[in-house]
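Structure first, then comments.
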Ligand SMILES: [Fe+2]
Ligand SMILES: [Fe+2]
């Protein structure tokens, strides 16, 4: 028998065809579910086994699947304590209403509107409401990223006391030596030491908003610049002055803006001119990850707009930038155009920042 008629050579559909069809279908599906603004009013909340009411802004358990992060909203009623659970991904929370607490591996953190929290991977956590009204918070997690690699694991422990539950996965300490295995042990142990001792909470009261050349004033909420050790998700807040806008730019990755206060519109276009305008208001999430030029304008003539920005820059976007180099994955207009778009934020009479409210 001639070698070319044996075994796999008889197959009609080659690896090339299977792969090509699979990849085309993947992108078609992706484009079909992509959104520009997810309005809060289009996100229904449903009671869950954890004791919370939850809704999906973006993510596989709603109708808008994502690749790197998801965005959900949760409500906790007065007196309710959620179940305890942990997972292989990390998450960030931003509280928009109510007063309560979150326990992270038994450490209790009290929170109120405008506070942000970090939930490390594999840490047991639960929350409760100590106020008289429902509490509401947004969560942003790296579950989709881990799910793409088959490493998303979730464990719910109900109301078992945390003292009786296993701790985070063990790791071996670094050892002496100059061989590749010793170097790997030391490197990974050092990384875990750092990641397991990062910050967990930023209070609204400590935020300090600073003017930027993009025409807004901003502050980090949860970021490695202020001591957090996350998977790459980062949260910042920016404020747009009445009638003004943030200067234009474009980038890929998943990047979302949760509108804390205010109303306005975003420009999105393949070119800096001729694109579409998308209106938004309080409680919406603006999706700005299509590698489109985007600019956000505050339409209120008197009040500022406050927006919480979430993306996965330190891990995924940096990886994409490195792997795609010399393709440029983050673009801004030249300084003179940026400055004309941004205006001078120093000329703005910024109000005293008020804690978020809902509804
Ligand atoms: Fe969780
Ligand atoms: Fe952006």
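The values are calculated or read from the model by the stated rules, or taken from the named source; none is laboratory data. Treat the numbers as computed from the prediction; the structure is a model and nothing was measured. In this analysis, Cβ positions are derived from the backbone assuming ideal geometry, glycine residues included, and neighbour counts consider all displayed protein chains.
Quick notes on this structure:
- Residue within region 180-187 that is in contact with a strand residue (DSSP E or B) (Cβ under 7 Å, 6 or more places away or on another chain) and surrounded by 13 or more Cβ atoms within 10 Å (Cβ to Cβ) present: no
- Qualifying positions in region 282-292 - within 15 Å of residue 330 (Cβ to Cβ) and modelled with pLDDT of 95 or more: none
- Flag if residue 88 is within 16 Å of ligand 2 (Cβ to nearest atom), touching a helix residue (DSSP H, G or I) at 6+ places or on another chain (Cβ under 8 Å), touching a residue at least 24 places away in the same chain (Cβ under 8 Å) and under 30 Å from residue 32 (Cβ atoms): no
- Reported count of residues in region 220-230, each being surrounded by fewer than 21 Cβ atoms within 10 Å (Cβ to Cβ) and either in contact (Cβ under 8 Å) with a residue 24 or more places away in the chain or assigned to a strand (DSSP E or B) (or both), is 5.
- Selection count, region 289-300, where residues are over 25 Å from residue 30 (Cα atoms) and surrounded by fewer than 22 Cβ atoms within 10 Å (Cβ to Cβ): 3
- Single residue of region 240-257 satisfying the filter (out of contact with any helix residue (DSSP H, G or I) (no Cβ under 9 Å at 6 or more places or on another chain) and under 19 Å from residue 34 (Cα atoms)) that is farthest from ligand 2 (Cβ to nearest atom): 256
- Filter result for residue 141 (away from ligand 1 (no atom under 14 Å from the Cβ) and in contact (Cβ under 8 Å) with a residue 60 or more places away in the chain): no
- Condition met for residue 266 (touching a helix residue (DSSP H, G or I) at 6+ places or on another chain (Cβ under 6 Å) and either within 16 Å of ligand 2 (Cβ to nearest atom) or farther than 19 Å from residue 145 by Cβ (or both)): no
- Qualifying strands (runs of 3 or more DSSP E) (wholly inside region 75-135; at least 3 residues being within 12 Å of ligand 1 (Cβ to nearest atom)): 84-87, 91-97, 100-104, 116-119, 125-129
- Close Cβ contacts (under 9 Å, 6 or more residues apart or on different chains) running from residues in region 105-131 that are more than 17 Å from residue 228 (Cα to Cα) and free of Cβ contacts under 8 Å to residues at least 24 places away in the same chain to residues that are away from ligand 2 (no atom under 16 Å from the Cβ) and part of a loop (DSSP other than H, G, I, E, B) comprise 110/99; 110/130.
- Meets criteria (under 26 Å from residue 119 (Cβ atoms), away from ligand 1 (no atom under 16 Å from the Cβ), buried (at least 22 other Cβ atoms within 10 Å of the Cβ) and within 19 Å of the chain's Cα centre (by Cα)) for residue 233: no
- Hits in region 44-68 (condition: within 17 Å of the chain's Cα centre (by Cα) and in a loop (DSSP other than H, G, I, E, B)): 60, 61, 62, 65, 66, 67, 68
- With respect to the stated conditions, residue 168 is in contact (Cβ under 8 Å) with a residue 12 or more places away in the chain and within 16 Å of ligand 1 (Cβ to nearest atom).
- Against the conditions (1) surrounded by fewer than 20 Cβ atoms within 10 Å (Cβ to Cβ); (2) not in a helix (DSSP H, G or I), residue 191 satisfies every one except (2).
- Strands (runs of 3 or more DSSP E) wholly inside region 271-351 containing at least 3 residues that are within 15 Å of ligand 2 (Cβ to nearest atom) and within 30 Å of residue 229 (Cβ to Cβ): 285-287, 305-312
- One residue alone among 355, 303, 321 is farther than 14 Å from residue 215 by Cβ, surrounded by fewer than 18 Cβ atoms within 10 Å (Cβ to Cβ) and touching a helix residue (DSSP H, G or I) at 6+ places or on another chain (Cβ under 6 Å), and that residue is 355.
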